[in-house]
Amino acid sequence: SIALATGLRASASALATAGRWGESVLTLRRLLANQRVDAGLMRPLAQILLARLLARRDRHAEAAALLTDARPGPGSDIVVVGPWAIAAVETAWLAGSPDAARAHARTALLLGRACDHHVTMAELACYCLRAGLPADPPPDPPGPWRFSLSGDRARAAEAWAAHGDPY
């Protein structure tokens, strides 16, 4: 059911945020194994989160395959496009593929600007900086991204810890 899928996706996201990646991966795999391909937004969002977690664990080929399958089409909503773009930059960076990260970042930055979605732009800018790419953060980055983007690592770590996100 959609309610069960939504609950599992939320649970997996909370586990990932808390640094409990193994449990999150298992939850996402269970969700994807029991979900129809036409499950709307839930399937690509689960694939995107799973791809990020696998890339962080050096499972680059599997992460790339998930992102390829979850790639949003033209006219897709920022709810999927934003997370996909951020995941594409992060996974390319972690895989040591700067050209791929650069290409994904260019596309994502254009989209983020077009949608004027500050959270997407802030997170994307953080991953661009980590990948050594130019970043175009929003004028007033929301939440802990403000410190991450200003280069204040100590305050960023404190803010992310207070947010419940150790990564």
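Computed from the coordinates by the stated procedures, all read-outs in this text should not be read as laboratory data. Because the structure is predicted, anything quoted here is derived from the model rather than measured. No Cβ is skipped: glycine too gets one built from the backbone with ideal geometry, and neighbour counts run over all protein chains shown.
Computed quantities for the displayed model
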quantity	calculated
Å³ per residue enclosed by the Cα convex hull of segment 12-151	106
Euclidean distance of C-alpha centroids, segment 108-149 and segment 43-82, integer Å	18
Label-point gap, in nm, between Asp116 and Ala10 - each point 7 angstrom along Cα→Cβ	3.0
Residues with amide H under 5 Å from that of Ala135, placed H, sequence gap 5 or more	none
Nearest-0.05 FRET efficiency for Asp152 and Thr68, computed from C-beta distance (R0 45 Å)	0.80
